[in-house]
Every structure is written in structure tokens, then in C-alpha cells.
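**Student:** Below is a structure I'd like to ask you about.
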Amino acid sequence: MSGEGFGANPAKTTASKAFVNGLGSGVAWSGAKGDGAKGRMFSKEFQVSLPYINFLINGARDNSAVLGVDLLVDGKVVRSASATEERGSTGMEWRTWDVRDLEGKMAIVRINDQSEHGWLVVDDIRQSDEAKSLPIDASVAWHESLRPQFHLTAPRGWLSDANGLLYYKGTWHVFYQHRFPGSNYVVWGHATSTDLLEWKHRPVAIPSGTGDSNFSGSGLVDWENASGLGENGEPPLLLFYTLHPNKDKSRKCVQHLAYSVDGGTTWRNFAGNPILKTDDYFDRDPGVFWHKESRAAFLVLSLSKNNTDRPAAEYGIYRSTDFKQWELMQKLGPNGWFWECPDMFEMPVDGDHARMKWILMKASSDYIIGSFDGKKFIPENDKIKLRWGGNYYATQTFSDAPAGRRVQIGWMNTDKPNWANSFPGMPFNQQMSCPRELTLRGTDAGPRIYRYPVREFEQLRVKTIALPSRNLPPGENALAGVWPELLDIEFEFDVRDAKRIALRIGTEEITYDVMAKKLNAFKASAPLAPDDGLVKLRVLIDRTSLEVFGNDGACDLSGVFYTTPDKRALSLTAAGGGIGIKKLAVHELRSIWRE
Ligand code: FRU
């Protein structure tokens, strides 16, 4: 033992809700002397003699060296697990290390609390023949066993909604809803990329100054310096967010402006905040764009009716000429549809700039197509579905992207209600989707948005296994023996007389149901009609997520899953009849986190 964090004696198992599931009468708890007290506990040296080490853990999420448990061999950390509770208290959970490769070695377990702000509780560390939970390991930063290898995650702590997405001078800026270890409030995390592949993590862009949270919003380049905030001839970059008063219900959410005059490196709050006050407590998520033709800015706000009457929720469209003073121009709804994180932008149909349409998208990425003249948005159709279930939410497109591109990122949320304890044993929680290019294409039903991984993704391919075109008889595995971890699969087939085509990745299954003309994955299904008898699938498989795109992006499904590398066998089979494989290329991808 070192430090005083763990107190002199075990804590009573019954002493706190956080110790629920603890075994026996006592637990090792580093909170006895308060959140800030630090300490370490060491086991006696022991010989690794069984395949697994299991233990119970609970506590604040951070790097394991700060709050977590390590296994040391010859003084080196060979396994680790972070405490992973985001907030609230759901009791202790099992964590498991697979230590088969360490058999016979002498080892020590160390429990760490080197944190100023949180504690952890650990119990019942034991070798076993049995894994009590999915084996994990967080000992190698950025290559932790459940860390996505080509999806954006926060270095440590919580990440959700994509915020303030903008492009400026060769750099893509992503901000996100973030709770870093020790923060009780949501702030805007920040990462940048020059290729939409590799991300550089930046300091928090908008910290929480007063204990309020900075909820979702958008960003853009104020090219004309309409805000007057620019300095030295550089256009200011503007971020719009919702200041959320947390538990103080006597105050309401208001909309704030932050800006950068150094190309997005540092951010300041606008001195005249708030820029917009509305009547209700929970109005939020300003989606702002500049309308060149009328030389005015527009802000779409989610008027959520305090989250209590969702069918009555509306979007309000506000207008400004300086980004600082806003006037309500139009309300859309209620029709049970308008919900969170609005994103409004213009797109050409089939790339034809004479046929421009306006898109109004909500958090799920379902959308309405319409026209907009700087005075009124006029919907031209009923709402259209783009999200068919699975894990994809709070999407946003980049403003100011080069060559008129519309690139979208969404939060690939894990399933509720287990948000807090998702990514067990990891210092981070949640991940973003791959960046996706949106195009608007003419179809028999009218213009429809297609969504597909950005072309940059092909640069991650390090090796390709191109399998021959052939007839695949029912029951045969077209991918037998193919087993890389990070994959980009291109698969095109003629449905012939097959009834069902299944691509399996360990426990996960993507299927195509020929009769129903549906693509299924993650308990969700999306309509996908063969094109001249052909179905095309593109599947991105990361360590803990899977994204599948049908017919060049006519539909997609995404989801989060956890496995260990030894449980990721691939199979591709047809049932009820054979298919004709037209193309089957399996690309192995590299990690975006370089050593
Ligand atoms: C969507 C959302 C937004 C809000 C943010 C808070 O996921 O509920 O409406 O601004 O999350 O983190």
C-alpha cells in the first residue's frame, strides 16, 4: 500500500450503492479519505497459473494508471483495466484479463488511484479457469482492446454528439460533446484532421466556465466577417452552442457564440453572450448557416417543449445579419418529427447546380427536402428516413467543405440504458461514425440522399484479398480462412435463387433478405432493392463497430459490438439457393493511431 487513499481497513461492502455486487464483507475503496486522496495497493507476488484473472471494479473512468488496476510482470504493466463508470452508480462489475500467454510468470496486481477527482473500488481479484466477462486489456494507449482503430474517440472520458463541424484552410475540425475525467459538466472536445482519417486531439475548445454545460451546436467560417469579430484580415471561425444550466431550473438554456481568430487553435466566448434567448427551458442545438444570396445568417433551433411533449416539438428558424442578434422568422411543426440537432444545407440533385434543393435534417439524420429563399423554408415532401435503426445519432455535416462536399459524422452511440458502463475497462467511452459523403440523387421516388464512406477511406487499405467471381452454392463459406481484424469489404452479388445472404463477423450478422428486399443488422432493417438483380454491400469493420452501406449508399446500418480477436471469424454464406459473386474484395485496414 502507498498513499492514504485506501484508508487503513477495507470498506464495508454494504457501505455504498457503488459497492453493490461486492463479495464478502469488505472491498478496497480509494474514497475513504475523499475524492482527492491518492494511493496504491499492491498484491503479493504470485505465479500466473490459470487462464484468466477476474475482479470486480467500479469507479470513475480515467486512464488505468490514474484510476484502474494493472498487472505487472518484471515491473512492466502487461494488462490493465480502467474503472469505467461515467456517472451515477450502478454497482461493481466483473472485468477479466486473458493471461494465457503469461502462464508461469511471477506477477503483481496493483490498484491505482492517482486522481484528484475520483475514486475506485475493487474486490475479489482471483485467477480462474473461467472468464467472468469479456476479456479486455487497456495497457497500450490508443490500442486498448476495445478502442476503435479507425473511428474517432475521446482520449479519455465521454464523447457524444458531433458539434461545430467545419473546414478551414486544409483542416477538418470536429468538436464533440465531451465529459473528461473529473468534469461534471459537458464541454466541447476538439479534434482536427487534414485527411478525415487521422485525428489530432486538441485542448477542450469551450470549457465550462460557470458549472453550466455546453450543449450541442454548429460552426462555420464567417468569410465576410459579418460578425465583425475577425482580426488581422483573417475570417473568424464561429461556434454556436447551447448553454445548459444543468440542475438550475430557474434559468433557461440560452444560445451562445464562441469564436477563433487564429484559424481554430484557440477559442473565446463572445462578450455579448447570450446571442439568443427563447421562452422555454430546453430550447437547444443551434444549427447555423450563411445564406450568400440574402447576405444573412440563419439559425435553426430545436424547440423541444422542455422535453416533456415531444410530439409538440418544433424547429424555429431565426435570421441575423451579424450572427449576434437574431429574429424569429419561421416555425416548423409541430408534427411529431422535429427533434434535436437540426442541420440545414443546400445540395445539388445529381451534381447539377441548376437543380439545388434544401435539406433540413434532424438528429437521427432523417430529413425533409424543400426550398429556401432566405425568407421561408417550404417543405416539398414528407419526412424521409435515412436512419434505419442501429447506433447512429446526433449527426452533423461540415460547413465550408471544399469542392461543395457534404461530409457527415454521427455519434455511434451504444444502446441505452448502459451508456455509463459501455466500453468496459477502457479509459474512453463512445465513438464517432466514419466520415460519410452525402449526395442527393434523382430516384423514381424523387431526390434522395445517398450516404457513403468518404473516398479518403481507401487510403487506409494496406492489403487486399480479391476473391474470384463465381457461383457460391448454398452453405459454402466464401470467406473461409479470411480473418484480419480491421476490414473494408466490397461485396457485389447477383441474388439468383438465394433466399438469404449472411455475412457473419463473430457474433454479429449482416443479412440480406431477398424476398423482403431488406438489409438487416443490429436488430434493424433497411429497405434495399436489387439493382438489375444485383446487390452491392460495403462493410467497414472496426474493433468495436460495424457500418454497412447498401447499393452505393442508398441505405446504411451501423452498430457497436464488443468481441475479442479470437472470436471474429468471418463467414459469408447464401441460404435457400446460390448467389453469383460479382465482386468480393476484402481490404485489411491500418489503424489511424500510429505508434
Ligand atoms: C442529443 C442531445 C442534444 C443536446 C446534447 C447534450 O444527443 O440531447 O439535444 O444538446 O445531446 O449532450
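**Student:** Exceeding 32 Å between C-alpha atoms, which entries from my cross-link table qualify? They are K132/K463; K252/K416; K362/K523; K292/K331. Can you show the working numbers first?
**Tutor:** Numbers: K132/K463 36 Å; K252/K416 26 Å; K362/K523 22 Å; K292/K331 22 Å.
Table pairs above 32 Å Cα-Cα are K132/K463.
**Student:** If the cut-off is a Cα-Cα distance under 20 Å, which aspartates and glutamates reach K375, setting aside same-chain residues fewer than 8 apart in sequence?
**Tutor:** Straight-line reach from K375, under 20 Å: E293, E314, D322, E327, D343, E346.
**Student:** Once you place label points 7 Å from the Cα toward the Cβ at R496 and M106, how far apart are they in nm?
**Tutor:** My value for the distance between the label points is 6.2 nm.
**Student:** Relative to the compact globular guide of 2.2 N^0.38 Å, what is the alpha carbon radius of gyration of the stretch 379-472, as a ratio? Working shown, then result.
**Tutor:** On the way: Rg = 17.6 Å, N = 94, 2.2 N^0.38 = 12.4 Å.
It is 1.43.
**Student:** Going highest first, how would you order 387-398, 193-204, 482-493, 551-562 by mean Cβ packing within 10 Å? All intermediate terms of the calculation are to be shown ahead of the outcome.
**Tutor:** Details: 387-398: 24.4, 193-204: 16.0, 482-493: 19.4, 551-562: 21.3.
Going by the mean number of other Cβ atoms within 10 Å, highest first, we get 387-398, 551-562, 482-493, 193-204.
**Student:** Past 27 Å, Cα to Cα: identify those pairs from K305/K376; K357/K517; K12/K76; K324/K385, in the order given. Each step should come with its number before you reach the end.
**Tutor:** On the way: K305/K376 22 Å; K357/K517 29 Å; K12/K76 32 Å; K324/K385 34 Å.
Flagged as over cut-off: K357/K517; K12/K76; K324/K385.
**Student:** OK, next. Full-extension gain between R470 and E380, please, as 0.36 nm times their residue separation minus the C-alpha to C-alpha distance. Don't skip to the answer; put the middle values down first.
**Tutor:** Numbers: separation 90, 0.36 × 90 = 32.40 nm, distance 4.47 nm.
Fully extending the segment from R470 to E380 adds 27.9 nm.
**Student:** Out of the stretch 54-127, which GluC sites (Glu not before Pro) are coil in DSSP terms and have no more than 13 other C-beta atoms within 10 Å? Write out the running numbers ahead of the final one.
**Tutor:** Values: sites: E85, E86, E93, E103, E116; in loops: E86, E103, E116.
Listed in order of number, the matching sites are E103, E116.
**Student:** Using per-residue counts of other Cβ atoms within 10 Å, averaged over each peptide, order 421-434, 499-512 from highest down. Write down the numbers at each step before the final one.
**Tutor:** Details: 421-434: 24.9, 499-512: 18.4.
Taking the mean over residues of other Cβ atoms within 10 Å, the ranking is 421-434, 499-512.
**Student:** Starting with the highest mean, order 150-156, 7-13 by the number of other Cβ atoms within 10 Å, averaged over the residues of each peptide.
**Tutor:** Numbers: 150-156: 22.7, 7-13: 14.7.
Ranking the peptides 150-156, 7-13 by packing returns 150-156, 7-13.
**Student:** Which value in nm describes the separation of the simple spin-label points at N418 and R251, placed 7 Å from the Cα toward the beta carbon?
**Tutor:** 3.7
**Student:** Which whole number in µm²/s is D for the chain by Stokes-Einstein, with the Kirkwood Rh taken over Cα pairs at 4 °C and 1.567 mPa s?
**Tutor:** Details: Rh = 25.7 Å.
For these conditions, the coefficient is 50 µm²/s.
**Student:** Which of the trypsin sites (Lys or Arg not before Pro) across the stretch 247-280 are loop residues per DSSP, with 11 or fewer other Cβ within 10 Å?
**Tutor:** Numbers: sites: K247, K249, R251, K252, R268, K277; in loops: K247, K249, R251, K252.
Passing both the DSSP loop test and the Cβ count: K247, K249.
Each reported figure results from applying straightforward, stated rules to the coordinates on display, with no laboratory input. Note that the structure is predicted; figures quoted are calculated from it, not measured. Every residue, glycine as well, gets a Cβ built from its backbone with ideal geometry; the counts of neighbours run over all protein chains shown.
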